[in-house]
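Take this structure, written in structure tokens, and hold onto it; I'll ask about it next.
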Amino acid sequence: MFSSERMKQRRLDMGLTLEEVGAVVGVSRSAIQKYEKNVIKNVYTNTVELFAKALHCSPAYLMCWTDDPLEGMHPPGEGVVVQNDEAEILQAWREATDSARESALMVLRCNRRPAVKKESAV
């Protein structure tokens, strides 16, 4: 059964606003409040999946099938070798709010190493 309590707590833990969650799900701020207050009791599967996407957790967590919010989720690029600091950045990215992600991308884009030009053979 869908847990409105878990949904609200996860949103607060992630530092997300009602508007940010609503933007991903495609509903208004007041609709998110209704889900969180359990006013809307019949939650469709596709809506649970959208909430999970917005809240950076698994649908199983929102359905109370697991207590681990990330259980069953596969990291992108599984099998790719990364350095410890890269793994730390990825974990921080997953836990960041959308506005923090935008800020991080802007910093990284402004601090790229210059491309090394290859000499052409004549």
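From the set of residues in the range 29-47 that are assigned to a loop (DSSP other than H, G, I, E, B) and touching a helix residue (DSSP H, G or I) at 6+ places or on another chain (Cβ under 6 Å), which is surrounded by the most Cβ atoms within 10 Å (Cβ to Cβ)?
Checking each candidate, the answer is Ile40.
Same structure, new question: Does Glu5 satisfy the criteria of being modelled with pLDDT of 95 or more and acidic (Asp, Glu)?
Judged against the criteria, Glu5 is a match.
The values are calculated or read from the model by the stated rules, or taken from the named source; none is laboratory data. Computed from a predicted model, the values in this text were never measured in an experiment. Reconstructed Cβ throughout: ideal geometry from the backbone, glycine too, with neighbour counts over all protein chains shown.
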